[in-house]
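Okay, so here's the structure we're looking at.
The values are calculated or read from the model by the stated rules, or taken from the named source; none is laboratory data. Please read these numbers as outputs of a predicted model, since none were measured by experiment. Glycine gets a Cβ as well: all are built from the backbone with ideal geometry, and neighbour counts include every protein chain shown. Side chains included, ligands, DNA and RNA excluded: accessible areas come from the protein's heavy atoms. Shrake-Rupley method; radii C 1.70, N 1.55, O 1.52, S 1.80 Å.
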Amino acid sequence: GLNFLTGYVWARAAPMGEPAAPVVAAAFGVFEPGLIAALYEEARAQTSRDDVLAAREQGAVESLRELLPGADVTDAVAALRRGTDVAVQHLVGRPLFAGLASLPWPEEPLGQLWHAVSLLREYRGDVHQAANVAASLDAIQMNLMTESWVGWGRTEYAGTRGWSPEAMADADADLVRRGLVADGTLTEEGRRLRNQIEQQTEAALAPVLDAIG
């Protein structure tokens, strides 16, 4: 009964339990909070947490079975689990990762592969968001700074996260006032700050990657 967006929000939030909508919005970070809250409440009204957790695992395993028919993923899972074993020692400030880490590992090897990479995805996302917050960037500005850093069109990415044109314009104006953006592109100071955010993110991941090898 879920569509793409309600399925995305509920399946990604469900490992954390059934938190209040503002908690989900805070964890997701770059999305407009009202959008996330509405999608989350709509999804919870349609299906239970247990059902969505079961469906996300089943769907992932079936998809991987089609993509990797007959694949032996034992070594890959073992390597990734070395990394996740290190990551679970650092739960503080990582809500989406901690939620996933609280779930039991799937029994099927393909399910274990999917769970491992999902853990690492959320771990990186959580530490990346923390680095952005430490740089005094709000949710919209995280999007706008990344757009310029990558080379996307202005608001091309932020606009897909539910933000209004007015809100994006206000956030962009603040970046200009701070000397981080000029003429729609990152200034030298803006690029230095965005590079620093990436470096801090990678530094947090270094012990995990070292364990994987």
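Conditions (1) in a helix (DSSP H, G or I); (2) surrounded by fewer than 20 Cβ atoms within 10 Å (Cβ to Cβ); (3) at positive phi, marked per residue:
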residue	(1), (2), (3)
PRO106	no, yes, no
HIS115	yes, no, no
LEU119	yes, no, no
GLU122	yes, no, no
VAL127	yes, no, no
VAL133	yes, yes, no
SER136	no, yes, yes
ILE140	yes, no, no
MET145	yes, no, no
Across (1) more than 20 Å from GLN196 (Cα to Cα); (2) over 14 Å from the mean Cα position of the chain (by Cα); (3) surrounded by 13 or more Cβ atoms within 10 Å (Cβ to Cβ); (4) not small (Gly, Ala, Ser), LEU100 clears everything bar (2)
Subset of region 1-16, residues among the hydrophobic types (A, V, I, L, M, F, W, C), in contact (Cβ under 8 Å) with a residue 24 or more places away in the chain and surrounded by fewer than 22 Cβ atoms within 10 Å (Cβ to Cβ), comes to LEU2, LEU5, ALA11, MET16
Of the residues in region 17-39, those that are of a type in the set (A, V, I, L, M), part of a helix (DSSP H, G or I), open to solvent by less than 50 Å² (accessible area, probe 1.4 Å) and in contact (Cβ under 8 Å) with a residue 24 or more places away in the chain number 3
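Is it the case, given these coordinates, that GLY153 is assigned to a loop (DSSP other than H, G, I, E, B) and either in contact (Cβ under 8 Å) with a residue 24 or more places away in the chain or over 29 Å from ARG94 (Cα atoms) (or both)? Show your work before the answer.
Numbers: assigned to a loop (DSSP other than H, G, I, E, B): yes; either in contact (Cβ under 8 Å) with a residue 24 or more places away in the chain or over 29 Å from ARG94 (Cα atoms) (or both): yes.
Answer is yes for this residue.
Could you check region 61-80 and list, in sequence order, the residues that are assigned to a helix (DSSP H, G or I) and either in contact with a Ser or Thr (Cβ under 8 Å, 6 or more places away or on another chain) or open to solvent by 80 Å² or more (accessible area, probe 1.4 Å) (or both)? It would help to see each step written out before you state the result.
Start the filter on region 61-80 by keeping residues that are assigned to a helix (DSSP H, G or I), which leaves 61-67, 74-80.
Result: GLU62, ARG65, GLU66, LEU67, THR74, ASP75.
Please find, among VAL127, VAL88, the residue that is over 24 Å from GLU57 (Cα atoms), in contact with a Leu (Cβ under 9 Å, 6 or more places away or on another chain) and β-branched (Val, Ile, Thr). Lay out the reasoning, then the answer.
Details: VAL88 fails: over 24 Å from GLU57 (Cα atoms).
Answer to the selection: VAL127.
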Considering region 169-184, residues that are out of contact with any Leu (no Cβ under 7 Å at 6 or more places or on another chain) and open to solvent by less than 70 Å² (accessible area, probe 1.4 Å), and then whichever is modelled with the lowest pLDDT, we arrive at GLY184
Does region 189-211 contain at least one residue that is in contact (Cβ under 8 Å) with a residue 12 or more places away in the chain, open to solvent by less than 60 Å² (accessible area, probe 1.4 Å) and in a strand (DSSP E or B)? no
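Can you say whether LEU110 is part of a helix (DSSP H, G or I), modelled with pLDDT of 95 or more and open to solvent by 10 Å² or more (accessible area, probe 1.4 Å), as far as the supplied structure shows? Give the steps one after another, and end with the answer.
On the way: part of a helix (DSSP H, G or I): yes; modelled with pLDDT of 95 or more: yes; open to solvent by 10 Å² or more (accessible area, probe 1.4 Å): yes.
Judged against the criteria, LEU110 is a match.
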